[in-house]
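First the structure, in the form of structure tokens, and then the observations on it.
Any read-out appearing in this document is the output of simple, stated calculations on the displayed coordinates, not a laboratory observation. Please read these numbers as outputs of a predicted model, since none were measured by experiment. Note that each Cβ is placed from the backbone with ideal geometry, even for glycine, and that neighbours are counted across all protein chains shown.
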Amino acid sequence: MKILVTGGAGFIGSHVAEAYLQAGHTVDIIDNLSMGYVENIPAGATLHNIDITSDACTDLIMSGEYDAINHHAAHMELRVSVDKPVHDAGINILGSLRIFEAARKSKVKHLVVASTTAVLGEFVNLPADETHPVRPIAPYGVSKRAMEIYAEYERIVHGLSMTILRYTNVYGPRQNPHGESGVIAIFLEKFLKNEVPTIHGDGGQERDYIHVHDVARANLAALEHRLNGTFHICRNDAASVNDVVLALRSALGNDYSVNNGPAKAGDPAKTRGSHDLFTAQTGWRPTVDLTSGILETALWFRDRK
Ligand SMILES: NC(=O)c1ccc[n+]([C@@H]2O[C@H](COP(=O)([O-])OP(=O)(O)OC[C@H]3O[C@@H](n4cnc5c(N)ncnc54)[C@H](O)[C@@H]3O)[C@@H](O)[C@H]2O)c1
């Protein structure tokens, strides 16, 4: 198949592009390099340096070349979304809508769309499955939820075949440490520069961390099964930020210091998801445990220097 991966110069999109290439597909990438890097793009993929909110994006999809689209390009800095919700919505809602519309008109056979469990807001049931209430508490979650609703509209009303994957906290090699989400990448960058990172709050907040290789495999499974619906991609396991710091210190063999600062508004206290629905439909399961995933990620950040 010929597949267009949006955001393929970014962290997750580049791993997804790699997984599709390894499975024998042809991959084109759309990325405006606002947060991504040319070095992330796997060998064999072709970059189109364009913005998903531009007519050039529509024109590329309308060329009719693509059998499938994998949509990962997004604005995803939660704090920036609070300060600049119009910027966030312009990319995540209008950019996504442009892609869905062009995909339908050009008869793309399947779409896989990256969403987030940030659409849930506070987790009231743990582990959260796909029936969990959806009450986003930051503009980023609102814009991703709006994207999901447009995707559902395209699927239900126009019959566009589409999988929506909601990730919890993804980590691994190539994660951008210069954003303001992704505690593992941010702390690794600071530790390796002998800077002292700040934990927001007491570090007891729990997250369901999933390795990017598992996420890339989920994107391959979603495409191969032409799965329709919304699915949680997670490990159904939670670790606190303090646990992550311990694992990072152990991986790097150094007792690095951390500061504690005020807790951030809009951050849920605990997140943990259930992947049972996706596993039942595809057989996919997470395979990378947090200790070995953090070790691999720490070595990648260290050796990249
Ligand atoms: N990283 C996580 O923990 C996580 C969790 C849940 C969901 N997600 C979702 O996964 C997707 C990818 O996230 P990531 O962590 O790889 O982020 P990332 O910032 O590394 O990748 C996003 C890519 O999109 C590109 N991009 C941004 N705006 C663009 C635009 N207007 N036009 C073209 N390209 C544009 C960026 O340059 C970047 O390469 C996003 O949709 C995000 O919402 C990520």
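Some notes on this structure:
- The aspartates and glutamates within cross-link reach of Lys109, meaning a Cα-to-Cα straight distance under 19 Å and a gap of 8 or more places when in the same chain, are Asp28, Asp59, Glu65, Asp67, Glu101, Glu148, Glu152, Glu154, Glu224.
- Ala73 long-range amide H proximity, modeled H, under 5 Å: Thr6, Gly7
- In whole angstrom, the chain maps to an equivalent ellipsoid with semi-axes of 30, 21, 19, each derived as √(5λ) from the alpha carbon gyration tensor and ordered largest first.
- Exposure proxy for His48, His110: other Cβ atoms within 10 Å of each Cβ, ordered fewest to most, give His48, His110.
- The chain, helix-only ellipticity at 222 nm - DSSP H runs n ≥ 4, -39,500 (n - 2.57), divided by all residues, nearest 500: -11500 deg cm²/dmol
- Order of Thr6, Thr230 - criterion: other Cβ atoms within 10 Å of each residue's Cβ, fewest first: Thr230, Thr6
- Over region 147-257 - Rg/Rh using Cα atoms and the Kirkwood inverse-distance radius: 1.09
- Projecting label points 7 angstrom from Cα along Cα→Cβ for Asp83 and His48 puts them 3.2 nm apart.
- Note on region 46-182: along the principal axes its Cα atoms extend 42, 34, 30 Å, ordered by decreasing extent.
- Given Lys84/Lys105; Lys2/Lys107; Lys84/Lys264; Lys2/Lys105; Lys144/Lys193; Lys84/Lys107, the pairs whose alpha carbons are separated by over 23 Å: Lys84/Lys105; Lys144/Lys193; Lys84/Lys107
- Shape of region 1-81, Cα gyration tensor, a/c cut at 1.5: oblate
- Here the calculated FRET efficiency for Ser106 and Ile137, from their Cβ-Cβ distance with R0 = 41 Å, stands at 0.70, rounded to the nearest 0.05.
- Residues within the reach of a label modelled at Ala269 (point 7 angstrom out along Cα to beta-carbon, backbone nitrogen below 12 Å), restricted to region 198-230, are 204-206.
- Mean-position separation - Cα centroids, region 250-305 and region 181-201, in angstrom: 13
- DSSP beta bridges in the chain [antiparallel fraction, %, rounded to 5]: 5
- Take 69-82, 165-178, 273-286 and order them by the average number of nearby Cβ atoms within 10 Å per residue, most first; the result is 69-82, 165-178, 273-286.
- Here region 147-162 and region 78-123 have alpha carbon centers that stand 12 Å from each other.
- For region 132-179, the alpha-carbon coordinates run over 40, 25, 20 Å along the three principal axes, in decreasing order.
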